[in-house]
1. Using only the alpha carbon atoms of the stretch A:179-233, find the Kirkwood hydrodynamic radius as the inverse mean reciprocal pair distance, in angstroms to one decimal.
2. Take peptides B:41-48, A:108-115 and line them up by average Cβ neighbours within 10 Å, highest first, as a rough protection proxy.
3. Hey, for residue C:144 with labels 7 Å out along Cα-Cβ, what do the inter-copy distances come to in nm, ordered shortest first?
4. What is the helix-to-structure angle for A:194-204, meaning the angle in degrees between its Cα long axis and the longest Cα principal axis of chain A, kept from 0 to 90 and rounded to the nearest 10?
5. Can you give the % of DSSP beta bridges in chain A that are antiparallel, to the nearest 5?
6. Can you check how the C-alpha radius of gyration of the protein assembly as shown compares to 2.2 N^0.38 Å, as a plain ratio?
7. Quickly rank C:270-283, B:330-343 as a protection proxy: mean count of other C-beta atoms within 10 Å, highest first.
8. Quick check on the stretch C:87-226: take the gyration tensor over C-alpha atoms, sort the square-rooted eigenvalues as a ≥ b ≥ c, and tell me if it's rounded (a/c under 1.5), prolate or oblate.
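Taken together, the values in this text are just the output of simple stated rules run on the coordinates, not laboratory data. As the structure is a computational prediction, the values presented were derived from the model and not from experiment. Reconstructed Cβ throughout: ideal geometry from the backbone, glycine too, with neighbour counts over all protein chains shown.
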């Protein structure tokens, strides 16, 4: 693991998720550049002292030299360190599971894509919401054509925790997210807007071709955006709206998506992740429950418990790790359901395109096609 | 009443709502241009035969001549007949309660505004959602400053009943709504988009100054729009998103609004109209229930039953009629909580501005200020 | 109307409900024993002065003598006056719609049943919850056998407004309900327990045969019960639980019912009255929405608005009045969907049986069959 | 681990939960009496071959003899094997975390209680619902007196998966639960009724003193109960209702609890585990969200993620294991928040008392006080 030291939020999630199904074990980490802190983190997680490193490069070198060295690097640092860690690991023959967004910039993402393609190794990206069973069911319903052609997608991801400029009063999670040098061109849009964008393409099954964005920094003194509202046009003609905000005071982690087709619409909300509602043009509405035998294969394979036993964020995360571990074990070239570098490229293109177009009030702009990402 | 004959939806609602609180009685109507149909409708509602007219003008003349003639005309026809009926009634000294939108076009609305101002009579517009007690409570919370300055408003009004081009297979409700000659420049945006627009200004307390719209006709062969997505900027700087659709298959009559301020956000959904949720940046979320003694005066005055006894659409409608009747009885110049011709002007300006700007992909455009409508 | 003067809750509801669909008009009332109060109430509702009476008997006599006299008496007094008003009206040839419970005691109810049967007039009882469209749909689902044989019914009606002994501090609604002379043997059980009992039999389609009750007075100094928990056995073998409470602090008017059969279960809650959920042993859950074309005839006939337009308590009440008016107009011997004296008898038997059995901790006791009430 | 071999449900949950927070590692197991199956299970979870045993006694002996032997035994077998495994482990100096119920019978539980007390080791019982953060918050709210004195508790645990006698068609989970030799005197009541009973005492803070039970076997040919409805009286005078069912067709795993005090009531439902609602006699309702800083210490210590990131069943289970591991590490005599043998005794007393009293229709009976279990 690269990153994840004291005070981190997402590092421990990666650790729990990776180990949940018994397919992966944390064996080494460069948790912090401070040797003492890295060692302390390692000890807290039961690692031998010699496998808590102060430096990612040193870790990769040392682990590559061990017969029992790590095979997979989890990249859980702030954004500006993603590229370097992922590139080094891939070059050393490790697979990589990276937190999102892929890199600090689209240029870096393109460079990383070349490295991934040349590496013969797997690269996964933890757009975690794709790991929820009912999100996978939603995608399957759309692909199966149950709704008819998709006409409209509304995706909203509202948080309120950055309503005040807490990056200036010492909140470490806020500090790096509000700093262009560490976060990149996007603030909210890079932090959570990319999740909304990814899930819209993942569930809707079509790529965004054009967009018209209103990306703003609302909290006093903030440089990067904290509120984004984007009109979308998908290939095939569907329209969409993407809302992402970190100044929607009172909102917690409110991601929801609605997809409307010719015959009906489906809705999923992260606050009730184990349910999926489908409303039909004709006939009663349906609620599908995770863990039920009537679900499709993708959803059935993504639960551990009988219906009615809630699974959540860690389990969704674990689904990505589990799929990834299976693909590695089977020597496959990719892990079907796990977002990859193509999703990473699209996310970075979305961030940079929307931010630039909004700044200049350019109205509708094209989103350049970066690789074929829709599975 | 002008309109509301056999097969109508909104006419009977006006009748039930107007009479609910015992302040108004239906005494006459021009329910249909077919004399037999108008008479039949009148009989069904207990009117004397001589007060069911085949023609609005004839009704106005005859009622004005009676000592016990009607004092108030409810206009419930399709849009293209609103102006004529309202104008005639006002000129004859009747008060007018009109269904929305005010008129067929902005030009007509401006002319009507002049007539209203010169008439000395009251003109109300049944933007019915402003009649719900918890919408009024929401407005009061915003005005009181409980949320701090408003930063963002998301309003969505999704229906699915026009997913297919049912206007071509004889559905009378769909037929006039899809016909520019009877509906005006806007389809969905004029039918329900104006409701969303009105409630956003009513609750948010600020006027929309600029907008960027994507207004489309999605169902095959349809002329007028059936799907609208609009980015908004309010005076004072708040941002907004307005979504209105009649091709969101499976959606019923899904109006909801979220207003986010510096300290918290509130949410109201028409599917659970008797609740209002408020989520705070700090502290537990709250749910306010209609009929509770802790509510503000506006909400308390808009329920008839103790908390836990659901009231709905007819009661909200009746609240507008009740306020209007009180204002008439008290000889006041306007009925505080009832939308009026200024709201009508703004709605028409919104429709025409958004439709034109979207057609040309003009990006952000100004919404000309039509009178001061925000109370 | 008998009762319903100043300060009353249910009287105005009867007035609004009776008139909502234009089939019935309030023409006379004995709203209060104080002539001035009765006259004031009459004037507020637009009655001629000579039709606001200070006395029920006088009203019945005077109205019976008029060619345009009232045909139907609504009884909306406290319980102890139900019998006298209903009996007098029936004897004078009026139909009667009475608020529940039927009478002060089971003995009175039996006497009234005899009068009803001999009168040739219709007697209806406003167990209002049977008027909700989705309650009628629930009943139809059960009757159609969709769930298979019914095995279990859980019905709960929780309120909190009598958590404190407010009957001693001047609350008039509480005062008569807490007084055995005006309320009868049951407090909470007679006020809302009978609703729960009635809806269980109405939806479940089987009569309660045995019960085991825990009926208690919880608030300090209260004589009549305010909390009731009852185990039930239905004919045919289904089990049930009935919970009714007026000291469940924080509860508003929380009636809900769940019926479980061999193949699935349905659930309805008064807080979301326009929805009915059905969960199946196999396959996705369903949510049925009022106003939808796929509903059965009973539910379709009980809405005025398209789906997604909430109707509530007043409309449910109006459904009973509308059905009753139709039955009268058509000269039918009963109004199919309207609870009648047999339901009244069963309700009174339930109250008296449960109160007595609980007081003596008698465990399971039989509920004597009073007429055949299940339609 | 004792039990948990192929096809088991709860064994894998114990493994995931125990390891989630990195405080415990699975090092050995007697997963099945079939040596090949036990070895296969061990290998699947990464154990060395010599630590997958075919026999609990052999495992305990071997592990006790190793310097790196297991310190804690997780007992996840069917009920009839709980006593033997737990007793052997305690006698060998291991701590024990047992699935519920504690034993096959109350007599066994009493014997086990003696062994626990004499062992100097910790004994925990996975009444998992006490591990949910919002259940702990509920308990804290009650203890703090926010609701005033508790007056009523309604607890319901409804499942539908045993609606048909699937124990006869080879379902292994159903087979042992329906078999008195392996499940004990209670079917549904022992399987999930004890959870409901435990959470009622845990949250409500008072012991059940008397009960009146209707415990029935509903599905054709079933010996043990599958539907239980119980009236309760708590020490201090509160009343209660406990509903547990496995033939409520369509129900998934629907545990919910409502506690009503003098000033308000709280409600928690397992289908939305990260929320807790509190409705007040006066003032707006509140919804508390897991992960929020305003929660009490018990709830704050039981989440791993910021608010809005759902945690579920595995995490609740992990909270019990985490608390237990901390208590062991700190040498404490008990793990405060983890149910223990006293809860086990009360659960077994509840099962046997309710089953016997219901069989004879004895009405109200006392529930003998087994140790002081309420913390």
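1. One over the average 1/r among Cα pairs gives 12.1 Å for the stretch A:179-233.
2. Details: B:41-48: 16.9, A:108-115: 19.4.
Top of the packing list down: A:108-115, B:41-48.
3. Spelled out, the distances from residue C:144's label point are 2.3, 4.6, 4.9 nm.
4. Value to nearest ten degrees: 50.
5. On the way: 38 of 55 bridges.
Around 70 percent of the beta bridges assigned by DSSP in chain A are antiparallel ones.
6. On the way: Rg = 33.8 Å, N = 1500, 2.2 N^0.38 = 35.4 Å.
Taking N as the residue count of the protein assembly as shown, the ratio is 0.96.
7. Working: C:270-283: 20.2, B:330-343: 18.3.
Per-residue Cβ counts within 10 Å, averaged per peptide and sorted highest first, yield C:270-283, B:330-343.
8. On the way: a/c = 2.03, a/b = 1.14, b/c = 1.78.
Oblate, because a/c is 1.5 or more while a/b does not exceed b/c.
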